[in-house]
Amino acid sequence: MVELNDAQIDAATERGKIAHLNEPRATAVRYNRKLGRVVVDLQNGCTFTFPPHLAQGLEAATDDQLAQVEILGAGYGLHWEALDADLSVPGLLAGLLGTKAFMARQAGKAKSPAKAAAARTNGAKGGRPRKVFG
């Protein structure tokens, strides 16, 4: 176990006070079955929604499972007990719907006209060039 000194404890306490004043916190959360969205009300009066199928741990959840969401701590997280899934409210607002590895996998699934055109061009040339080891 790591021992903390008084200066480290004071610094951590100060960081917590600053975060409490500046970072978004949830005051209410619910799953809207009609919209297929998780709806989060924030302490500043704003509301945001996101489609659960994009978030790590919620991809294959049922409506009933998604409805069993609760707020963690002082409103900095969302938790689904039955799914063993947790998401950070500040992270969600920053567009982070999972861990770095999860987000990297999602980026590879992106579709765009430019990506489709590049794939067609590569296909016309015989596909992706083979790697040369040497």
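Details
- Per-region count, the range 17-36, residues surrounded by 10 or more Cβ atoms within 10 Å (Cβ to Cβ) and closer than 17 Å to G91 by Cβ: 7
- Note on the range 47-92: residues that are part of a loop (DSSP other than H, G, I, E, B) and either touching a residue at least 12 places away in the same chain (Cβ under 8 Å) or more than 11 Å from R25 (Cα to Cα) (or both) total 14.
- Qualifying residue in the range 22-45 (condition: closer than 24 Å to H79 by Cα, over 21 Å from the mean Cα position of the chain (by Cα) and in a helix (DSSP H, G or I)): no
- Residue selected from the range 1-16 under the condition hydrophobic (A, V, I, L, M, F, W, C) and part of a loop (DSSP other than H, G, I, E, B), by the criterion surrounded by the most Cβ atoms within 10 Å (Cβ to Cβ): L4
- Residue count for the range 1-46 under the criterion of being without any contact (Cβ under 8 Å) to a residue 24 or more places away in the chain, out of contact with any strand residue (DSSP E or B) (no Cβ under 6 Å at 6 or more places or on another chain) and not hydrophobic (A, V, I, L, M, F, W, C): the result is 15.
Quick note: the coordinates plus some simple rules give every number you see, no bench work behind them. Quantities reported herein were computed from a predicted structural model and do not represent experimental measurements. Methodologically, a virtual Cβ is constructed for each residue, glycine included, from the backbone with ideal geometry; neighbour enumeration extends over all protein chains shown.
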